[in-house]
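Colleague: My structure is below; once you've seen it, I'll send some questions.
The values are calculated or read from the model by the stated rules, or taken from the named source; none is laboratory data. Just so we're clear, the structure is a prediction, and the values are computed from it rather than from any experiment. Using ideal geometry, Cβ is built from the backbone for each residue, glycine included, and neighbour counts are taken over all protein chains shown.
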Amino acid sequence: MDTPLTCEDAFAEIERHVRAGVHPDRIRLGHNERALYWVCNSSLLHHDGPDEATIVGRIEAHLALVSLLLAKGADPNKAAGRGATPLSTTCRDFIFSPAAWAVEKLRRLLAAGANPRLTKDSPICTVLGLRDMRGEVWNPAFDADADPAEMGYIFEAIDALLQAGASMEAMDHRQMYTPLLIGAYLGSVPLLRFLAERGANVHVVNPSGSNALMYAAGDVDGLKASRGGISTTWHRMGDPVAVARLLIEWGLDPAAANDRGRTPLTLALNAGNVDVAAVVAEALAGHGKLLKADVRRFKGTELEAQVAALATSGRTSKPPRTQTKSEGAAQAASWVRARQEMNHTDAWQRPAWFCAYNKALFEHLASGSLPAIPVNLLYADYTDALRTLHLSKTKDWISRSGVVTVKPDIVTWDSLRISYSHLDGDDLICREEIVMPMSPEQQPGIEAVAQAVGGMTSRYFKMPA
């Protein structure tokens, strides 16, 4: 069905079809989205800048239509592109407009059988502010000047999700955050207490070995190096000093280091969070682990004298860090995640001929048999919506060292492009590109593509030829 111009027209047209006997799951709108998913996306309520009275009327119609679609058999677990479900798009309401009506819509979906364990990302993480891009977390409901009622609605939503079977320890699909780690990053003591009261593991670490104290301290994931936009870079949020004190009180080790050797003290100082670093230094001194070298890092700051008064251990430097993971483990794990993204049950399956070809190509590149494409030295990142594979020497492929990209033309599907690009200032500059024609009847030879990719990794990444 063609999407009408106004929200009211769209709702009326959907209702007309449903009451005429059309099953809701057969009604498609927008980007071929099922009616329930499309209606649950509340951004359409505001897209044309309506006044407050119009929004109130639209919200009432919005909830009524959700109920009608569910009553007429709409499947609340049917996924759209990228694995998004009506439940996951509803959880996004709590990022921009946490309100009673958003809680009510969430409850109606859960009552109709929406399964919080079938969403691509943890629905609790989404409610708290997790978005699409790597490291993208933001929710103004936890700002100091926010309306306390907004946080209350978020807590109601989390309780409803937990009652429906959501996991408090489930991570986002990039394996960066649990709800508690997001709470630490947001700098919210009330949120952390709420999550802990409901059983969240306060000592949780992600696969990179980062804990909540590290997320409170600074830029754990190197987001400041991201070029994805303001929403994906690192920001100091909330009250990280109070959060750091709370987490230390709960027993988190102030001297812990993640797999990249980053400690809460180092992260805080590197981020300019000197006040947080001072809290960590005080805890280190209490454990007999504050080094003279640590104290020297406060020189020239407003807290230099305060930290200098703390007791230090006899050592002047840290002992050598024990390697906790084998060399190349992070790179190899990225290939596993890329394969999972490509083979996810909700991954794009159209066009079928290209998806089958793309999977065969990926398995050849990931086989480890190609000297120029070592899976223990190169990171792989797969973007399902674009059917695109990125290979890089760094975890974040938008970097000065560059990226080799294998990407189809997703409009015409008549070519496959292999390219090398690198960051120059704020721009990602393409330095070399090979275009291979393709069609449903004939695709580029997999070995030929592998040779093109390997040629670029050899030239630009200095991999073996």
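Colleague: Do you know which of the residues in the stretch 118-149 that are of a type in the set (A, V, I, L, M) and assigned to a helix (DSSP H, G or I) is nearest to residue 345 (Cα to Cα)? It would help to see each step written out before you state the result.
Modeller: Going residue by residue through the stretch 118-149, those that are of a type in the set (A, V, I, L, M) are 118, 124, 127-128, 130, 133, 137, 141, 144, 146, 149.
Filter again for assigned to a helix (DSSP H, G or I), leaving 124, 127-128, 141, 149.
Numbers: 124: 21, 127: 23, 128: 25, 141: 33, 149: 37 Å.
If we take residues in the stretch 118-149 being of a type in the set (A, V, I, L, M) and assigned to a helix (DSSP H, G or I), then 124 is nearest to residue 345 (Cα to Cα).
Colleague: Count, please, the residues in the stretch 40-72 that happen to be of a type in the set (A, V, I, L, M, F, W, C), free of Cβ contacts under 8 Å to residues at least 40 places away in the same chain and closer than 13 Å to residue 8 by Cα. Show your work before the answer.
Modeller: Step one: list which residues in the stretch 40-72 are of a type in the set (A, V, I, L, M, F, W, C), which gives 40, 44-45, 53, 55-56, 59, 61, 63-66, 68-71.
Checking which are free of Cβ contacts under 8 Å to residues at least 40 places away in the same chain leaves us with 44-45, 53, 55-56, 64, 71.
Filter once more, so that each one left must be closer than 13 Å to residue 8 by Cα: 44-45, 55-56, 64.
Going through the stretch 40-72 one residue at a time, the tally reaches 5.
Colleague: Return the total of residues in the stretch 325-360 being among the acidic types (Asp, Glu) and either part of a helix (DSSP H, G or I) or closer than 23 Å to residue 79 by Cα (or both).
Modeller: So the answer is 2.
Colleague: Here's another thing I want to ask about it. Name the residue, out of 398, 410, that is touching a residue at least 40 places away in the same chain (Cβ under 8 Å) and assigned to a loop (DSSP other than H, G, I, E, B).
Modeller: Numbers: 410 fails: touching a residue at least 40 places away in the same chain (Cβ under 8 Å).
Just one listed residue meets the conditions, 398.
Colleague: For residue 363, indicate whether it is buried (at least 17 other Cβ atoms within 10 Å of the Cβ), of a type in the set (Asp, Glu) and part of a helix (DSSP H, G or I). Steps first, please.
Modeller: Working: buried (at least 17 other Cβ atoms within 10 Å of the Cβ): no; of a type in the set (Asp, Glu): yes; part of a helix (DSSP H, G or I): yes.
It is false that residue 363 is buried (at least 17 other Cβ atoms within 10 Å of the Cβ), of a type in the set (Asp, Glu) and part of a helix (DSSP H, G or I).
Colleague: Only one residue in 394, 405 is modelled with pLDDT of 95 or more and either of a type in the set (A, V, I, L, M) or surrounded by 13 or more Cβ atoms within 10 Å (Cβ to Cβ) (or both). Which one?
Modeller: Values: 394 fails: modelled with pLDDT of 95 or more.
That would be 405, the only listed residue that is modelled with pLDDT of 95 or more and either of a type in the set (A, V, I, L, M) or surrounded by 13 or more Cβ atoms within 10 Å (Cβ to Cβ) (or both).
Colleague: Please go through (1) of a type in the set (D, E, K, R); (2) over 28 Å from residue 331 (Cα atoms); (3) touching a residue at least 40 places away in the same chain (Cβ under 8 Å) for residue 121 and return the number of the only condition it doesn't satisfy.
Modeller: (2)
Colleague: Among residues belonging to the stretch 194-223 that are without any contact (Cβ under 8 Å) to a residue 40 or more places away in the chain and out of contact with any Phe, Trp or Tyr (no Cβ under 6 Å at 6 or more places or on another chain), point out the one that is nearest to residue 258 (Cα to Cα).
Modeller: Filtering the stretch 194-223 for residues without any contact (Cβ under 8 Å) to a residue 40 or more places away in the chain gives 194-195, 197, 199-201, 204, 206, 215.
With out of contact with any Phe, Trp or Tyr (no Cβ under 6 Å at 6 or more places or on another chain) added as a condition, the list becomes 195, 197, 199-201, 204, 206.
Values: 195: 23, 197: 26, 199: 24, 200: 20, 201: 17, 204: 12, 206: 9 Å.
The qualifying residue nearest to residue 258 (Cα to Cα) is 206.
Colleague: I'm checking my understanding of the structure. Among residues of the stretch 265-293 that are among the charged types (D, E, K, R) and assigned to a helix (DSSP H, G or I), which one is surrounded by the most Cβ atoms within 10 Å (Cβ to Cβ)? Can you show your working first?
Modeller: Step one: of the stretch 265-293, the residues among the charged types (D, E, K, R) are 275, 282, 289, 292.
From what is left, the residues that are assigned to a helix (DSSP H, G or I) are 275, 282, 292.
Details: 275: 14, 282: 17, 292: 13.
Per the criteria, the residue is 282.
Colleague: Within the stretch 169-197, count every residue that is part of a loop (DSSP other than H, G, I, E, B), crowded, with 24+ Cβ neighbours inside 10 Å and either touching a strand residue (DSSP E or B) at 6+ places or on another chain (Cβ under 8 Å) or on the phi < 0 side of the Ramachandran plot (or both). Spell out the reasoning first.
Modeller: Residues of the stretch 169-197 that are part of a loop (DSSP other than H, G, I, E, B), as a first pass: 169-178, 187-188.
Then drop every residue that is not crowded, with 24+ Cβ neighbours inside 10 Å, which leaves 177-178, 187-188.
Among the residues that remain, those that are also either touching a strand residue (DSSP E or B) at 6+ places or on another chain (Cβ under 8 Å) or on the phi < 0 side of the Ramachandran plot (or both) are: 177-178, 188.
Selection size over the stretch 169-197: 3.
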